[in-house]
Structure formats: C-alpha cells, structure tokens
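Report on the structure given below.
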Amino acid sequence: MDGYSILIQDQHMIHEMIQSYFDKVYTSFEADIKKTLHFKGNEIYGEIFYYSAIKLIKYLGVTPEDHFLDIGSGIGKLAFYVYFASQAASVTGIEINSARHAIAIQVSEVIQTQLPRMFEHREFSLVEGNFLESNFDRTTIVYICSTIFSYDLLEKIGLTLNTMPHIRKIASFRKLPFLSNFTCVKKMLIHCSWERVGCYIYERNI
Ligand SMILES: C[S@@+](CC[C@H](N)C(=O)[O-])C[C@H]1O[C@@H](n2cnc3c(N)ncnc32)[C@H](O)[C@@H]1O
C-alpha cells in the first residue's frame, strides 16, 4: 500500500473512532434526549450526521485561525464534531432551548472528564441563550441548521451576520436574507437525521 492509501485509511479509522465514541456517549443520554426532541408541540428536532459534518468541515476549509459558531447547537453534536475533526481555535454553540442545552452541558462534562487533553489548547464552549441577543464578533465561520426556522428569524439572523466583521463563511440549510456582504457560492447536499437536504454556503464578498 502506498503512503497516500495508508493516510486515507488512517483518517477513515480516526473518524470511525470519533463517531463511535460520540455514539456511545450520546446513547447514555438517550432517555433525556427523547424528551427534548419535540418542543412546543410543533418543532421537530433534527441534526446532521457525522460523515456529513466531516464533508462540510472539509469544504469550509476550517483552519487553526478559525472561530466556529453553531447557531442553535441543540444537544451539541455538531459543535463536538467540528471541535474533534478540525483544528479550529474555538468552537462555540449557542442554544435557546434550556432542556437541550442542559443535555449538551452534561455530555460536555462527560467528554471533558474522559478526554481532558482534548480541551487543553483550544476553546470549546456551549452557551445558553438567543443568538440575536448575543455578541460573537470574533466568529469566522457560522453554521446554522435552520431548516425549521421561521422567515422572520432568518431575516434577523441574516441582518446580524451581515454586520459581523470577521465572518468569512456561512453554512445554512435555509437561504438567508439580507446577506449583502456575502455571496452564495454553493448548495451542498447533506445527509441529516430527517432527510438529504441542501446546505447553502456563503462566502464574504472580496
Ligand atoms: C436543528 S437544531 C440544531 C442541531 C445542531 N446544530 C446539530 O446539528 O447537532 C436547531 C436548534 O436551533 C435552536 N434555536 C432556534 N432559534 C434560536 C436562536 N435564536 N438562538 C439560539 N438557538 C436557537 C433550536 O432550539 C434548535 O435546538
């Protein structure tokens, strides 16, 4: 086997290990997670699959200089995937739903206890709150699993992101209005827990 094939095989094994580790950790919270899937009766929770997250991270070209923000981080999966599978300087998730955020925090405590060295030189944080009332100005890459967001919320998020000075890329499952400082460069097909959906990738205008 040549060097390239060994590298690919190694990467594949590492991703298998990361994925099965997260599956195991989240399985232990299954009963609590089930209770938070439906919120106010009509909001259904969904999340991106691990391999789709890897595809997205590669496409976004996340670097050690990046500050990654997941708007609506739910129970934290995507934020953990990005933290473990990239070299981003910081990964932050903000979640408005207290029950989901509480699970994300418990999962975080388990992972930080089991793998403390993973958290030594970079930042990982999960914040409870409304993105629209927060300040994440250092952010360079934004991810929004916005499939069920109302148009009003998308408008407010679009207006806010458009004024954030350091953002270079945005990935959103719904088109975002008012992003005059950005251009949609691609629609990627992504496997999520509910179906395969398009994810819009925006880059800052030069
Ligand atoms: C589809 S889930 C996200 C799943 C998560 N990003 C993942 O892939 O693992 C979308 C989340 O956005 C949250 N949300 C909606 N509006 C929000 C806001 N204004 N600020 C923060 N979170 C919000 C919802 O409560 C929901 O948990």
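Computed from the coordinates by the stated procedures, all read-outs in this text should not be read as laboratory data. These figures come from a predicted structure and were not determined experimentally. Glycine gets a Cβ as well: all are built from the backbone with ideal geometry, and neighbour counts include every protein chain shown.
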- Additional length obtainable on full extension of the chain from Trp194 to Tyr51, 0.36 nm per residue less Cα span: 50.0 nm
- In the neighbourhood of Ser134 defined by beta carbon distances under 14 Å, the net charge of the other residues (Lys, Arg +1; Asp, Glu -1) is -3
- Note on the structure: Residues whose built amide H sits under 5 Å from the amide H of Leu126, excluding neighbours closer than 5 in sequence, are Gly93
- Query: Given the rule -39500 (n - 2.57) for each run of at least 4 DSSP H residues, summed and divided by the residues of the chain, what is its mean residue ellipticity at 222 nm, to the nearest 500 deg cm²/dmol?
  - Reply: -13000 deg cm²/dmol
- Note on the chain, DSSP bridge orientation, antiparallel percent to nearest 5 equals 45 percent
- Which Cα, out of Gly74, Val127, Val110, lies furthest along the positive dipole direction of the chain (beta carbon charges, K/R +1, D/E -1)? Gly74
- Message: Relative contact order of segment 40-135, please, whole-number percent, based on alpha carbon pairs below 8 angstrom and at least 6 residues apart.
- Response: 28 percent
- Message: Below 8 Å between Cα atoms, with a sequence gap of 6+, how large is the relative contact order for segment 57-206 in percent?
- Response: 20 percent
- Post the alpha-carbon centroid distance, segment 166-206 to segment 42-90, in whole angstrom. 14 Å
- Stretch gain in nm, segment Lys35-Tyr59, where the contour uses 0.36 nm per residue and the Cα spacing is subtracted: 5.3 nm
- In debye, nearest 20, what is the charge dipole magnitude of the chain about its Cα centre with +1 on Lys and Arg Cβ and -1 on Asp and Glu Cβ, if you could check? 500 debye
- Hand me the tally of lysine pairs in the chain: alpha carbons under 19 angstrom apart, and the pair either on different chains or 8 or more positions apart. 19
- Among the GluC sites (Glu not before Pro) in segment 75-149, which ones are in a DSSP loop with at most 10 other Cβ atoms within 10 Å of the Cβ? Mind listing them? Glu120
- Item | Residue (of Met13, Tyr45, Leu189) at the positive-pole extreme of the chain, dipole from beta-carbon charges | Leu189
